[in-house]
Amino acid sequence: MMSSCWQVSFFPQPEAEPAFLKFLENFFEVTAQNYADDGHDEYIGYQSGSFNEEVMKETARRHKIVLPRYQITHLESSNWLKDYVIEFAPFEISDFMIYGIHEKHAPATDKIPLQIYAATAFGSDHPTTRCCLNAISALYHKGFKAQNILDVGTGSGILSLAAAKLWTNATLTAVDIDEEAVLVTQSNLQTNKLTDRIICEQSDGYQAEIIKANAPYNLILANILARPLIEMAPDMARCLCPGGHAVISGFVDNQQDWVLAEHQKQGLLPVKTYSIENWRAALLQKV
């Protein structure tokens with residue numbers, strides 16, 4: 001991955017089909033996703049060495065996949081993974097300083113430093129991530145004692161890392177449906193020396209045995225998307241202790257009432273909402 005590469009940028013589209021996402025994962029060396037608040041996300045594939053457009057199109061046809069419009073760019077770089085995929089500027093949010101693994105040294109800060117590799121997992125600088133970090137910090141400073149924490153759809157693991165740094169006596173379970181996200185999270189746990197505090201495994205929602213074995217939880221984190229949040233609300237309620245809290249995000253302003261109403265049906269009442277740009281997060285409490 002140290003040579004130049006080819007970048008194939010697929011034009012934004014709503015709710016990409018799972019088959020298309022699987023195709024990207026299997027065909028390209030690295031994939032990335034640029035999230036948009038209107039739900040029309042851009043998907044990008046990176047391939048080092050040679051690239052054959054006709055092979056890509058034929059492979060898609062063979063799997064009955066209609067490719068969106070795309071643009072092919074050749075990127076000249078001695079380290080394209082660093083320069084074009086994983087590099088993001090360090091940023092401070094609430095109690096934390098987030099910086100990438102491409103940084104040789106942690107930036108000077110009085111915040112809690114978290115070093116993140118986020119190339120193929122959920123964007124660590126996304127507004128929903130920032131909203132969740134604000135919510136987690138506020139909950140901590142209110143004096144809430146989180147002892148057993150679950151992070152569903154962990155992505156890069158950033159919320160688990162942040163929670164572990166705040167609640168130093170808590171045990172944490174992190175899961176994601178995407179195998180790549182699990183690998184990225186496990187790498188981030190090693191980087192931040194938290195492998196003894198956080199267990200990370202693959203799971204479709206709340207289905208993994210590790211979730212059932214470690215339940216109930218007094219704090220659940222779920223930064224996903226509106227529809228899966230709603231579909232999994234009964235599971236969240238079942239796994240959360242009475243009086244426990246949940247932080248949910250991944251929905252936009254015109255979805256907020258819908259998402260919160262469905263969680264209230266499960267006895268998860270909104271305590272506070274957070275917003276950055278068009279994205280929303282909510283702190284809930286189980287009655």
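The values are calculated or read from the model by the stated rules, or taken from the named source; none is laboratory data. Remember, predicted model here, so these are calculated numbers, not experimental data. Positions of Cβ are generated from backbone atoms using ideal geometry, with glycine treated the same way; all protein chains shown enter the neighbour counts. Just so you know, the surface numbers come from the protein's heavy atoms only, side chains and all, with ligands and any DNA or RNA stripped out. Shrake-Rupley method; radii C 1.70, N 1.55, O 1.52, S 1.80 Å.
What to note about this one:
- Hey, Cys200 surrounded by fewer than 23 Cβ atoms within 10 Å (Cβ to Cβ) and in a strand (DSSP E or B) or not: no
- Residues that are buried (at least 18 other Cβ atoms within 10 Å of the Cβ) and in a loop (DSSP other than H, G, I, E, B), drawn from region 179-193: Asn192
- Residue match in region 271-283 (condition: β-branched (Val, Ile, Thr), within 21 Å of the chain's Cα centre (by Cα) and within 23 Å of Leu183 (Cα to Cα)): no
- The residues listed here are Glu277, Glu231; of these, the one that is more than 20 Å from Ile136 (Cα to Cα) and either open to solvent by 40 Å² or more (accessible area, probe 1.4 Å) or free of Cβ contacts under 8 Å to residues at least 24 places away in the same chain (or both) is Glu231.
- When region 228-287 is filtered for residues that are part of a loop (DSSP other than H, G, I, E, B), among the polar types (S, T, N, Q) and within 18 Å of Pro127 (Cα to Cα), only Asn278 remains.
- Output for region 217-239, where each listed residue is among the basic types (Lys, Arg) and over 16 Å from the mean Cα position of the chain (by Cα): Arg238
- Checked against (1) in contact with a Phe, Trp or Tyr (Cβ under 7 Å, 6 or more places away or on another chain); (2) crowded, with 24+ Cβ neighbours inside 10 Å; (3) modelled with pLDDT under 90, Leu133 passes all but condition (3).
- Of all the criteria given as (1) open to solvent by 70 Å² or more (accessible area, probe 1.4 Å); (2) aromatic (Phe, Trp, Tyr); (3) at pLDDT below 85, the one not satisfied by Tyr35 is (1).
- Restricting region 203-227 to residues that are open to solvent by 40 Å² or more (accessible area, probe 1.4 Å) and polar (S, T, N, Q), the residue that is nearest to Pro127 (Cα to Cα) is Gln207.
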